[in-house]
Every structure is written in structure tokens, then in C-alpha cells.
Amino acid sequence: MLFPQTNRCRTTLDLSGIWQLKADANDHGLNDGWANGFHADAEVGVPGSWNEQLSELGLMNYIGVVWYLTDFMVPSALSSQQIWMRCGSVEYHAQVWLNGQSVGEHHGGFLPFQFDITNIVKLDKRNRLVVRVDNRLSHDTIPQGVNSNHYAEFKKQRDETFPPTVFDFFPYGGIHRPVKLVALHRQHLSDVKVETRISGAVGQLHFAGQFSSVGANARLKAALWDGDRPVDEISLAPKSNRFSGEFEIADCRFWSQEDPHLYQVHFELFDGDSLVDEYTIDIGIREVRVTDTQLLLNGKPIFLKGFGRHEDFAVLGKGLSHPLLVKDFNLMKWLGANSFRTSHYPYSEEAMQMADRLGFLVIDEVPAVSLNFKYVNKNTLASHQRQMTELIARDRNHPSVIAWSIGNEPGIWGEEESISPSAIEYWKKICNLVKQLDTTRPVTAPTFAKWGIRDPLYQVSDFLSINRYWGWYEIPGDLEKAGAVLKSELETIYQTYHRPILISEFGADTIEGEHATHLQLFTEEYQTQLIKKYFEVIESLPFTIGEHIWNFADFRTAQHHRRVVMNKKGVFTRERAPKSAAFFVRQHWTH
Ligand code: BDP
């Protein structure tokens, strides 16, 4: 699904703004005809989570159904066009009606969806768009949901959070990314897939795509540009809805963290002599490979310095904010970071585009966080496969994406089912799907300490990602011992699997302004010392390929006695003020 562009043939209308909202705690809106409209309880900013915006109305911890409504006009100048409604992400289930007619639904958050509304939308008249948003999760969904009974079943009442979640981030709900209308010709490019390879100094670029439909006189021009310099051009006379082609670039500027150079492929679709569609894709020519000890970008070893992060900010919740994106990337650059993981779900398309432009190496994660294999069923697998497929379709053209993460810390509830043969089969199915859809990128998935070398994710990972909290949850306070345990564990894992290792999480909760001259948990000094110890161990081992600190910034979690409102492991506060560790990390990564 292509990201919306406005150009000679495509018009985009952004419906971001203040919408109407009504909570539906008893879930009777469907029967009571709210799809046609309703008397709103409140106004709500879109994009944005409802929780902090409307905490005064009791929506802070609300899990359930909320209805959204907005009215809009489309000018009759677009009468010859096909019109789509495209939504960047809704957590977690969206049902959409336009002028009282159902136009479709989408399961799973964090990924875009679109519907053809041409036959329903009215031109030069008011249109009413209604979205029923449901943020309830269950065993069948990705991520999974829990309730108090599940905690009881696992004798884990002490771990119960409010609202109940299986993951350590706040279960925000809402329309989190922009809703846009896209008007375009009936004959248009509906998808393009790009793969790049390198051979000596030559860059190879293969593209393949689809049209919505094409007439007998269709002609496709694909022009390769280097900024404003034309490089090459191909003309195709497509006879079906599919097309493909290739470019070779001599003396190519390969995309890398130091030189994130982007070429452009500009597609023009003609029907006879008339231009009916155009679309431009930014392309970074680069190749990622994994050896038994290294991660190679364009044949050169690369060491990942960066973070696990979250999309999270005061009031916005998980709503997209362009200024926040700019700030976060600037802060990562300031620290000397070159990489991050989209823990624990796909980030906005705008974030991925920025990573392409700034040369960040991204591990792109599907929202399969903390899967509990006692409860995993065939619907969970289907949802996982569907979201993996949608994620790859959305992000495969980004040079910044260097690997797919197929999940995070399954079995965190300690259930033996998570290391059973059927769990191994489950992961193999997901991994095989990824390999079928994308032959160019490695697969990984972060594990936690409990299962040691028995963790099934090691069997399906091209490089191993390891989340470790020695010095925090385990061995608190004794960083020498924590460092020694980490080192010997990494050595054992490497000797067992002979694959390179990324330390994908390590960190310490840190209250800004808390200090001590001795090693004291929660102080700024402790966070700095813990990070320092991890850097020392990780960088001393020849098979490690990177260090991702947990976390870039403090973030809101569900309520729990272990969290003082936030998870405080950020090297920045939630407001993006640096803690002392940020200065140490900057010194270490930039010198
Ligand atoms: C890891 C999880 C991450 C948590 C982190 C923590 O992957 O989501 O936030 O622990 O406890 O296990 O801070």
C-alpha cells in the first residue's frame, strides 16, 4: 500500500483535526445506529490517543469501544477520480462507515489500511465519516490481551497491572496516525516493491509492481533520478496489471549511515498520450548480510549503537507528532546513535522515511510482544502472519530497515509451552513467511533470560537479539558480578549457535535528580555505571554486532507497583531532558 503523495495526478486531503467522540462502555452503539451519527460526549484531537486528552471524562484507563465522527467535503473538481480513505493506524480494531454505509474494517493496530469510497462519497456535499474503535485485546490478537483471571491462573496476581496488559507500555487507544483521502485516476500504480543489490561499484535496483487496472494503450515510464540529475529511463508497455524492471548504476553512491544517499525512481503511467498517474519512490541502494560474527552493510562490518524506543509522549499518547519525530531523531544524532528497534510495534511511516533520510539502521518489529504460548491459538498465528505480511508490504522499500523482528520475549510468563515443539513450529512458520516475502533481510527476535540457550527464537534468528537485565531485575546493585554473568552467558550462547549477537535491551530505571556516591539503584550514577559496564563487556566480544540501550526516553506503562507512573529507563525523561547517562553515552558513541 503506497504512502499518499500529492502531485500532478494525485490529490491528498488530510482529515486531521478535531473530531467528535463518544465512549460506548456497554457496546450498544452498533445496535443503536451510531454508524449514522450520534450525539458526541466530547471533542478529540486526531491523530492522538483518547486517554490523556480525555482523562477528565474518565477515559484515561478506558479499554473498550469509542466512536469517532467527522464531517468533510470533497470538491466536484475531483469528480472523475477514484477516491480512497486511508488511515495510518488505529489501535486496535477499526470499523468504518461513510454516510451510514459500511466501507470496511481493519484488525490490528500500527499498520495502515484503506478503502475505496468512490461510490459512496458525495461531491460538494457534506460527508459523514464514523469510525468505531475498539482497543480490547484477547488471546486471538497480536499483541495478546489478558484479564485478572489469567493473572490468577498463573498465580501472578502481584504482577497484575491496571489496565491489565501483557506488555510494558500503556495500552493507548484511538486514531493514532492521520486519516487521509487520496483522489487519483482509476488507472494507477497500486503497489511497488523495490530490491537493491550491489556488485563491486555497481548498484542494482529491481522493481516490480501492480496497477489498479490498465487499458490497452497503457505505457509506463520509469525514470531514475539522482536528486535533480536524470540517470536512466525505461519504458514499458504493460499487458497485464503487473510490471517490473531493473536499473544498474555505475559508480553508485551506496546508502549508508555516513552517506544516506537516496536516488529516486519516478513512475509515470500514460493512457495513450495522457499522463494518468505518477508516483516517486526514494531508493537507498544497499545490501545487508550476516556472517557468523558480523553484520555487514555493503560488505563492511557495522556496529549498531542505539535504542529500543516507544511512540509515547504526554497528552499525545501514541499520536503522531512531526515536531516530536524531529526532536527524537536530533537527540539520537546528538548522542551518536546510528540505529533503533521499533520496539514493540511498527512505527509511523513518517518515522521510517526520516530514518531513510538520516541514515538510521532500523530493526522493524511486528507487535508480537510477550506472546503467552499457553493461550496462543490458530487465530493468534493468523493475526501474527497477517500483520507480518502487512508490515513487510508497508516497509520493504525502506533502506533503513535492515532486519525484521518477528516478536519480543515470548514466554515471559514462564509457561513451558513457550519452548515446546509446537512453539518452535509456530516460530518456524512466521520465519518462513518472512523469508518468502523478503529474501534480502535477516530475521531476528529479542529473547529474555529465563530460557537460556533453549530459547526457540535462537533457532529462527539470523542474528540473535538478547534483552538482559543483569544488574537490574537480577543481580541488582552488583555491576561487577552482573558484567561477569553477562559475558559468560554471551560466550555460551555464541558457542552454541555461532551467530552474531545484538544486545537489544539493557538498562536501569532512573529518577532524574536522584544521586548517590555509592552504587544505588534509581540514581543517575547507577544508570551511567550500568550502561558503562554493558558497553565494556559487549565491546570486548568479537561476535557482538551492537548495543541497544533500553530505553531512549521514559514512557508511560500500565499502573503497577514496579513502575513510578513511567518506565524510567530512558536516558532522556519523557519530556526529552537528558539524564546524566545521556552525556556519558554521547561521549562514548561520538569519540
Ligand atoms: C523487557 C521488555 C520491555 C520492558 C523492559 C523493562 O522487552 O518491553 O519495558 O523489559 O522491564 O523485558 O523495562
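Nothing in this text is a laboratory measurement; each read-out follows from the coordinates by a stated rule. The structure presented is a predicted model; accordingly, all values stated were derived computationally and were not measured. FYI the Cβ positions are ideal-geometry reconstructions off the backbone, even for glycines, and counts take in every protein chain you see.
Ordering I406, I392 by the number of other Cβ atoms within 10 Å of each residue's own Cβ, fewest first, gives I392, I406. How many angstrom separate the Cα center of segment 425-442 from the Cα center of segment 142-185? Going from one Cα centre to the other spans 25 Å.
Across the chain, the longest run free of exposed loop sites, meaning GluC sites (Glu not before Pro) lying outside DSSP classes H, G, I, E and B with no more than 14 other Cβ atoms within 10 Å, spans 259-574.
Kindly state, to the nearest 0.05, the FRET efficiency for A382 paired with A516, given R0 = 35 Å and r defined as their beta-carbon distance. Plugging the Cβ-Cβ distance into 1/(1 + (r/R0)^6) gives 0.10.
Taking a point 7 Å out from the Cα of F303 in the direction of its Cβ, the residues of segment 530-548 whose backbone N falls within less than 15 Å of it are 532-548. Residues whose amide H lies under 5 Å from that of H344, counting only those 5 or more places away or on a different chain, are absent; hydrogens are built 1.01 Å from N in the peptide plane.
Measuring r between the beta carbons of L30 and R128 and using R0 = 22 Å, the FRET efficiency lands at 0.85.
A helix-only calculation puts the chain at -6500 deg cm²/dmol for mean residue ellipticity at 222 nm, using -39500 (n - 2.57) for each DSSP H run of at least four residues, averaged over all residues.
In terms of surrounding Cβ atoms within a 10 Å radius of their Cβ, H176, H591, H322 rank from fewest to most as H591, H322, H176. Distance from the Cα centroid of segment 66-92 to that of segment 518-591 is 42 Å (rounded to whole angstrom).
Looking at the chain, the DSSP beta bridges with both ends there are about 75 percent antiparallel. Counting every other Cβ atom within 10 Å of each residue's Cβ, R186, R556 order from fewest to most as R186, R556.
Computed from the C-beta positions of Q157 and F583 and an R0 of 60 Å, the FRET efficiency is 0.90 to the nearest 0.05. About its Cα centre, the dipole of the chain is roughly 360 debye, where the only charges are +1 on Lys and Arg Cβ and -1 on Asp and Glu Cβ.
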